[in-house]
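**Q** To start, I am sharing the structure in question, which I have written as structure tokens.
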Amino acid sequence: KKFKEEEKPAWAKKDIRDYSEADLERLLDQWEEDEEPLEADELPEHLRPQPKLDLSNLDSKNPEDLLKISKKGRTLMTFVSVTGNPTREEGDAITKLWQTSLWNNHIQAERYMTAPVNRVVLRLLCSCATKKMSVQAKIGPSILNADLSNLAEESQKLLDNGADYLHLDVMDGTFVPNLTFGHPMVKSLRNKIKTAFFETHMMVQNPEQWISPMADAGVNLYTFHIEPVEDVCKVSRLVQESGMKVGLAIKPGTEVKALEKYMSIADVVLVMTVEPGFGGQSFMADMMSKVEWLRESYPNLDIEVDGGVGPKTIECCAKAGANMIVSGTAVVGASDQRQVMKDMRDVVKSYLK
Ligand SMILES: O=C(CO)[C@H](O)[C@H](O)COP(=O)(O)O
């Protein structure tokens, strides 16, 4: 706090190295006091101002009515029962199908089985709630060019310096001419880093093969290339069913419109701005027309760019509408990682407003 010199309390005049626990508490209190309030859409969901709901005319037996209510941007909790006296396994399978079809319609639902066995509580968290939230600027460093023998330390350092998520490049030596690591490495990393958001960028020929091991390894977002996949919808559904978010990636030579038919299932779209396979390549500015088209067509979509992105190229990405920024060399090799990530996030924010 900016006290005038003569008004400073005794503790504030001390050298910070002489602070007692109580002085540190006071300092913390003041920081919190001086903090700028967050924008409404940046607050956690439970603190966001909520629209008023009118439940007076609600027909609770009509699922459509329930869904309409959840579309008002509120989390809804409801009890459902499965008729026909199924076993617990059958009840689980039936409600899972229901959950998947809700997910396919961008309605995020969580199920909690309760006693008796054929009843479940279905918590509906509507997609519209998510869609109404404006997209957020996020920086996800790629650890491809980091010291992989020190992966946990390197990753923790990036997170401590403000990374919003970690982008983990998985290459199989077939889809791309390079080889990195697979699910055992991701699992070991997850054992050391419990809470960070992990994206795996699957540069692999058969992404279906690695869904289950990656889910088990604690991956949050499973981004795979559509080019080698015959049935993108099926693979996406399997990703969702395993509890991960779906990211769809395209190489520089792939038309952005190839993604159009999968947009209802994608949580994130990744536009590659280099030929996948290696870090440290030059940014391809001509990919920005893809990002522009995506942002114009899907204002609430998470659009990620990856390859050659750093302080020199961030403006181009932000202007086109990208909000999730993967950056490898420029961040990992920076002497001040925190500053580089903050500067890039600020540029993206300035275009999102
Ligand atoms: O997917 C990748 C390469 O296939 C990397 O994530 C990407 O290249 C990031 O590294 P850099 O920012 O150094 O280009």
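We did not get these values from a lab; they are worked out from the coordinates using the rules stated. These numbers come from a predicted model, not from an experiment. Reconstructed Cβ throughout: ideal geometry from the backbone, glycine too, with neighbour counts over all protein chains shown.
**Q** Using only the alpha-carbon atoms of region 176-242, report the extent along each of the three principal axes, biggest first, to the nearest angstrom.
**A** On the principal axes, region 176-242 reaches 35, 30, 15 Å in Cα extent.
**Q** May I ask which of K194/K290; K257/K319; K319/K342 have a Cα-Cα span longer than 25 Å here?
**A** Numbers: K194/K290 35 Å; K257/K319 20 Å; K319/K342 17 Å.
Pairs exceeding 25 Å: K194/K290.
**Q** May I ask you to evaluate 6.51 cos²θ - 1.76 cosθ + 1.60, the Karplus curve with θ = phi - 60°, for each residue of region 236-242 and list the ³J(HN,Hα) values in order in whole Hz, giving x for glycine and proline?
**A** After applying 6.51 cos²θ - 1.76 cosθ + 1.60, I find 4, 4, 5, 5, 4, 4, 8 Hz.
**Q** Cross-link partners among aspartates and glutamates for K157, C-alpha distance below 16 Å, same-chain residues fewer than 8 apart left out?
**A** Hits, sequence-local ones excluded: D147, D336.
**Q** Between Y262 and D59, what is the label-point separation in nm under the 7 Å Cα-to-beta-carbon projection?
**A** Placing both labels 7 Å along Cα→Cβ, they lie 3.9 nm apart.
**Q** Using the number of other C-beta atoms within 10 angstrom as an exposure proxy, rank F197, F224 with the fewest first. Don't jump to the answer; show the numbers that get you there.
**A** Details: F197 16, F224 29.
Exposure proxy ranking, most exposed first: F197, F224.
**Q** Something else now. I need the peptides 159-172, 9-22, 286-299 ranked by packing, meaning the mean over residues of other C-beta atoms within 10 angstrom, with the highest value on top.
**A** Details: 159-172: 20.5, 9-22: 9.9, 286-299: 17.1.
Those peptides, ordered most packed to least, come out 159-172, 286-299, 9-22.
**Q** Which net charge results for the neighbourhood of N178, defined as the other residues with beta-carbon distances under 10 angstrom from its beta-carbon, given Lys and Arg at +1 and Asp and Glu at -1? Walk me through the numbers before you get to the answer.
**A** Details: positive: none; negative: D169, D172.
Summing Lys/Arg as +1 and Asp/Glu as -1 gives -2.
**Q** If each residue's Cβ is checked for other Cβ atoms within 10 Å, how do E7, E36, E199 rank with the fewest at the top? Walk me through the numbers on the way to the answer.
**A** Working: E7 8, E36 5, E199 26.
Ordered by Cβ neighbours within 10 Å, fewest first: E36, E7, E199.
**Q** If the limit is 30 Å between Cα atoms, which of K4/K138; K234/K349; K13/K349; K138/K261; K187/K234 go over it?
**A** Working: K4/K138 38 Å; K234/K349 34 Å; K13/K349 37 Å; K138/K261 26 Å; K187/K234 25 Å.
Over 30 Å Cα-Cα: K4/K138; K234/K349; K13/K349.
**Q** A further question follows. Please give the contour-minus-distance gain from K8 to E241: 0.36 nm per residue of separation, less the Cα-Cα distance, rounded to one decimal in nm. Don't jump to the answer; show the numbers that get you there.
**A** Details: separation 233, 0.36 × 233 = 83.88 nm, distance 5.81 nm.
That pair, K8 and E241, stretches by 78.1 nm at full extension.
**Q** What does the charge count around L24 come to, taking other residues whose C-beta lies under 14 Å from its C-beta (Lys +1, Arg +1, Asp -1, Glu -1)? All intermediate terms of the calculation are to be shown ahead of the outcome.
**A** Numbers: positive: K14, R17, R26; negative: D15, D18, E21, D23, E25, D29, E32.
Around L24, the surrounding residues sum to -4.
**Q** Moving on. When you have a sec, figure out the Kirkwood radius of region 226-335 from all distinct Cα pair distances and drop it here in Å to one decimal?
**A** Working: mean 1/r = 0.0694 Å⁻¹.
Radius from the Kirkwood sum: 14.4 Å.
**Q** Which FRET efficiency, nearest 0.05, do L27 and D286 yield, Cβ-Cβ r, R0 45 Å?
**A** 0.35
**Q** Next question. Among residues other than V256 whose Cβ falls under 14 Å from its Cβ, what is the net charge (Lys/Arg +1, Asp/Glu -1)?
**A** Working: positive: K251, K257, K261, K290, R295; negative: E227, E255, E260, D286, E292, E296, E304.
Net charge around V256: -2.
**Q** If you don't mind, there's one more thing I want to ask. Amide H neighbours of L270 under 5 Å, counting only residues 5+ apart in sequence or on other chains, H built in-plane at 1.01 Å?
**A** Correct list: L248, A249, I250, E304.
**Q** Moving on to the next point. Subtracting the Cα-Cα distance from 0.36 nm times the residue separation, let me have the gained length for K312 to E90 in nm, one decimal.
**A** Details: separation 222, 0.36 × 222 = 79.92 nm, distance 5.53 nm.
Full extension from K312 to E90 adds 74.4 nm.
**Q** I need the calculated FRET efficiency for the pair S20 and Y112, taking r as the beta carbon distance and R₀ as 41 Å, to the nearest 0.05.
**A** FRET efficiency, S20 to Y112: 0.35.
**Q** On to the next question. What are the principal axis extents of the Cα atoms in region 219-258, in Å, biggest first?
**A** 30, 18, 15
**Q** I want to check the label-to-label distance for S212 and T195. Put each point 7 Å from Cα in the C-beta direction and report it in nm to one decimal.
**A** 3.2 nm
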